[in-house]
Amino acid sequence: MRGIIIASFFILQSLLVSSSPSPPDFNFFYWVTYWPGAICDSQKGCCPPPKGNTASDFMIHGLWPQFNNGTWPAFCDQTNLFDISKVSDLVNKMEKKWTEWGVWACPSNETKLWEHEWNKHGTCVQSVFDQHSYFLTNLRFRQKLNLLNILKQKGIKPDGGLYGLDEIKNAIKCAIGYAPGIECNEDVKGTKQLFQIYICLDNYAKEFVECPYVPDKSCASKIKFPKFPKKDSLGETLSVISSV
Ligand code: U2P
């Protein structure tokens, strides 16, 4: 009898262990947003998005699991690839806040960003998220963290002017408690400009954390905050160009 009780205890325990979700096997998340003005540059003749429902704001790039040593897992599961029917209730919001990267590039080069982000990063975080909660979490952070307002409140505006890199980092640190990583690219004249902001989150994507690792993302001590071209003003610019 005692043997049966002990055996039942171990069977029950193993059932409980196998049914409880395993903890995340990565160390933290980057939640990354990009500034469309750094891709869509009126000087290069690049275009605002054709869709009218996109916000003039930072756009979500994605939520990326990371290891503390600066590496990251990718494309972890071919059996659970992106399925838009699982996020159909979120598509409207995603179109506004998570615009296809290629829409901003000129010539347009659609990359199916949502599909790419789930397949590359989301499939590696299934101990924390399913497809719906992965996308919902991205949208919630976008809702919670208005980076454009945070910067504007410190006088940092997308006006094509130069701003101190530390000034930008400090403005965000002031708002969330931790400095972000900043990635720059270059405008046509080779001036470094604000391109992407990396916010670090714990490995359940619940809280902001100090970035364990911030890659060197090639900024200068002063960087440009490029304008966000308005459809109308770009239309005027292009009609002037075409009439010359
Ligand atoms: O740098 C190229 C792409 O690799 C992914 N990446 C990069 C740095 C990092 O710390 N973590 C990470 O995941 C990004 O993948 P994407 O979603 O853009 O394909 C990054 O853009």
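Can you figure out the FRET efficiency of residue 204 with residue 173, using R₀ = 25 Å and their beta-carbon distance, to the nearest 0.05? Efficiency for this residue pair is about 0.70. Within the accessible area of segment 59-173, the carbon and sulfur atoms contribute 49%, probe 1.4 Å, all protein chains present. With K and R counted +1 and D and E -1, the other residues having a Cβ less than 13 Å from that of residue 127 yield a net charge of -3. Charged neighbours of residue 171, selected by a Cβ distance under 10 Å, balance to +2 (K, R count +1; D, E count -1). Taking other residues whose beta carbon is less than 11 angstrom from the beta carbon of residue 192, and scoring Lys, Arg as +1 and Asp, Glu as -1, yields +1. Among beta bridges from DSSP that stay inside segment 29-229, the antiparallel ones total about 95%. Which of the pairs 86/217; 120/189; 144/169; 154/192 have their Cα atoms more than 28 Å apart in this structure? Check vs 28 Å cut-off fails for 86/217; 120/189.
Against the empirical 2.2 N^0.38 Å (N residues), segment 29-229 has a Cα radius of gyration ratio of 1.00.
Sequence-ordered 3J(HN,Hα) estimates for segment 77-94 from the Karplus curve with 6.51, -1.76 and 1.60 and θ = phi - 60° stand at 8, 7, 8, 10, 7, 3, 9, 4, 5, 7, 10, 4, 6, 9, 4, 4, 5, 4 Hz, glycine and proline given as x. Using the Cβ-Cβ distance between residue 81 and residue 127 with R0 set to 22 Å, the FRET efficiency works out to roughly 0.80. Taking segment 170-205 and a reference point 7 angstrom along Cα→Cβ of residue 162, the backbone N atoms nearer than 19 Å belong to 170, 183-195. For segment 170-229, the ratio of Cα radius of gyration to the globular rule of thumb 2.2 N^0.38 Å stands at 1.26.
The values are calculated or read from the model by the stated rules, or taken from the named source; none is laboratory data. Just so we're clear, the structure is a prediction, and the values are computed from it rather than from any experiment. So basically every Cβ, Gly included, is an ideal-geometry build from the backbone, and we count neighbours across all protein chains shown. Ligands, DNA and RNA are excluded from the accessible area calculation, which covers all protein heavy atoms including side chains. Shrake-Rupley method; radii C 1.70, N 1.55, O 1.52, S 1.80 Å.
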